[in-house]
Amino acid sequence: QIAHRYAHIGRKPRMEPVEVAEVVWDTVTYFSGRQGLVGGITVEAGNLVDVRVEGNAVLLGWVLENLIKNAVAACSSGEGPGRVEVVCDYPDESRTLVEIQVSDNGRGIQPREHGQVFRTGYSTRKGGWGLGLPLSKRIVEEYHNGKLKLLSSVPGKGTTFSVILPVCTPKDGSC
């Protein structure tokens, strides 16, 4: 699976209509079924709107997996039971965009470091390489015409990342 994912990186991926809720559900299910991977941290899906985007399911799944892995790592060093939640909804009434939020109740990121999270080499983890978020941002923005951003982070309270993607509609010919 890892080799399959990396085969999609560095070349123009095949884009097609992708059910966002299905990609989110598959990724969350992958984590929630592997306690050895999450170490007792709860990983669950909240509200998931049923919507399609023009994208690549393998790469979108990889982005979500990276965000969830980071959230699990942030929770593993925190106090109390760790929790990661992934939700998917429309960010406004136009319904032309869909937003996936990955939230945790982990250690958070210091405010002075917020501007560094997408810089190659930046990591909050000891031994981290700082490649996951820059690569995820590239996948979302260059291949999917979306946005990946740090929505909020409070030290000791948790972090939320947001992936915003354009919804494909039958009238634009992409679905």
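The values are calculated or read from the model by the stated rules, or taken from the named source; none is laboratory data. In this text the structure is predicted, and so the values were computed from the model without any measurement. A quick note on method: Cβ atoms are made from the backbone with ideal geometry, for glycine too, and the neighbour counts reach across all protein chains shown. When the accessible area is computed, the model is the full protein with side chains, heavy atoms only, and any ligands, DNA or RNA have been set aside. Shrake-Rupley method; radii C 1.70, N 1.55, O 1.52, S 1.80 Å.
Within the range 93-128, can you find the residues that are of a type outside the set (Gly, Ala, Ser) and touching a Cys at 6+ places or on another chain (Cβ under 9 Å)?
Going through the range 93-128, the residues of a type outside the set (Gly, Ala, Ser) turn out to be 93, 95-102, 104-105, 107, 109-114, 116-120, 122, 124-126.
VAL98, GLU99, ILE100, GLN101, ASP104, ASN105, ARG107 - these are the residues of the range 93-128 that are of a type outside the set (Gly, Ala, Ser) and touching a Cys at 6+ places or on another chain (Cβ under 9 Å).
If SER123 passes every condition in (1) within 23 Å of VAL58 (Cβ to Cβ); (2) modelled with pLDDT under 90; (3) hydroxyl-bearing (Ser, Thr, Tyr) but one, which one does it miss?
Single failed check for SER123: (1).
How about the range 122-161: which of its residues are of a type in the set (Ser, Thr, Tyr), closer than 20 Å to VAL87 by Cβ and touching a Gly at 6+ places or on another chain (Cβ under 6 Å)? Show your work before the answer.
Here is the first cut: in the range 122-161, the ones of a type in the set (Ser, Thr, Tyr) are 122-124, 136, 143, 152-153, 159-160.
Now narrow it down to the ones that are closer than 20 Å to VAL87 by Cβ: 136, 152-153, 159-160.
Listed by number, the residues that qualify are SER153, THR159.
Okay, residues lined up against (1) of a type in the set (Lys, Arg); (2) open to solvent by 60 Å² or more (accessible area, probe 1.4 Å); (3) under 16 Å from GLU99 (Cβ atoms); (4) at pLDDT 95 or above:
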site: PRO134; (1), (2), (3), (4): no, no, no, no
site: GLY146; (1), (2), (3), (4): no, no, yes, yes
site: LEU151; (1), (2), (3), (4): no, yes, yes, yes
site: THR169; (1), (2), (3), (4): no, no, no, no
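I need every pair where a residue in the range 65-81 that is free of Cβ contacts under 8 Å to residues at least 60 places away in the same chain has its Cβ under 7 Å from the Cβ of a residue that is part of a helix (DSSP H, G or I), sequence separation at least 6 or different chains.
GLU65/THR27; ILE68/THR27; ILE68/PHE31; VAL72/VAL38
Quick one: GLU142 ticks every box in (1) closer than 24 Å to SER32 by Cβ; (2) in a helix (DSSP H, G or I); (3) open to solvent by 70 Å² or more (accessible area, probe 1.4 Å) bar one, so which box is it?
The number of the failed condition is (1).
Would the range 167-175 turn up any residue that is without any contact (Cβ under 8 Å) to a residue 12 or more places away in the chain and under 18 Å from the mean Cα position of the chain (by Cα)?
No; the residues of the range 167-175 include none that is without any contact (Cβ under 8 Å) to a residue 12 or more places away in the chain and under 18 Å from the mean Cα position of the chain (by Cα).
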